[in-house]
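Undergrad: Here it is: the structure, laid out below.
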Amino acid sequence: MKVKFTTFFLTLLMSLFSFVGFAQLDPPADDDPPAAPINSKLIWLALAGIVFAVIYFKNNFQKTKTIK
């Protein structure tokens with residue numbers, strides 16, 4: 001169980017860093033409208049993903065617990 005938690009945590013951490021690394025604004029062009037900033041929404045996206053994962057694994061654990 002500890003190995004699965006460590007693997008899950010490291011995967012989550014690395015994907016979070018990769019999203020943050022690519023969330024940069026492009027320099028504005030003359031004719032194009034400015035790019036939409038997504039830096040402020042990454043925290044909410046990460047929190048929603050964590051909440052979804054907790055709910056999913058909690059439900060999955062309860063289903064396997066009732067089967068045994």
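The values are calculated or read from the model by the stated rules, or taken from the named source; none is laboratory data. Since the model is a prediction, treat every value here as computed from it, not as a measurement. Neighbour counts are summed over all protein chains in view; Cβ atoms, including those assigned to glycine, are modelled from backbone coordinates with ideal geometry. SASA here: full protein model, heavy atoms, side chains in, ligands and nucleic acids out. Shrake-Rupley method; radii C 1.70, N 1.55, O 1.52, S 1.80 Å.
Undergrad: Starting from the amide H of I38, placed 1.01 Å from N in the peptide plane, find each other amide H under 5 Å away whose residue is 5 or more places distant or on another chain.
TA: none
Undergrad: Let me cross-check I38: its accessible surface, 1.4 Å probe, with only protein heavy atoms counted, in Å² to the nearest 10?
TA: Answer for I38: close to 90 Å² accessible.
Undergrad: Quote to one decimal, in nm, the extra length available between V54 and S15 on full extension: 0.36 nm per residue of separation minus the C-alpha distance between them.
TA: Values: separation 39, 0.36 × 39 = 14.04 nm, distance 1.70 nm.
Value of the extension gain: 12.3 nm.
Undergrad: Between A36 and T66, what is the spin-label point distance in nm, taking each point 7 Å from the Cα along the Cα→C-beta axis?
TA: 3.9
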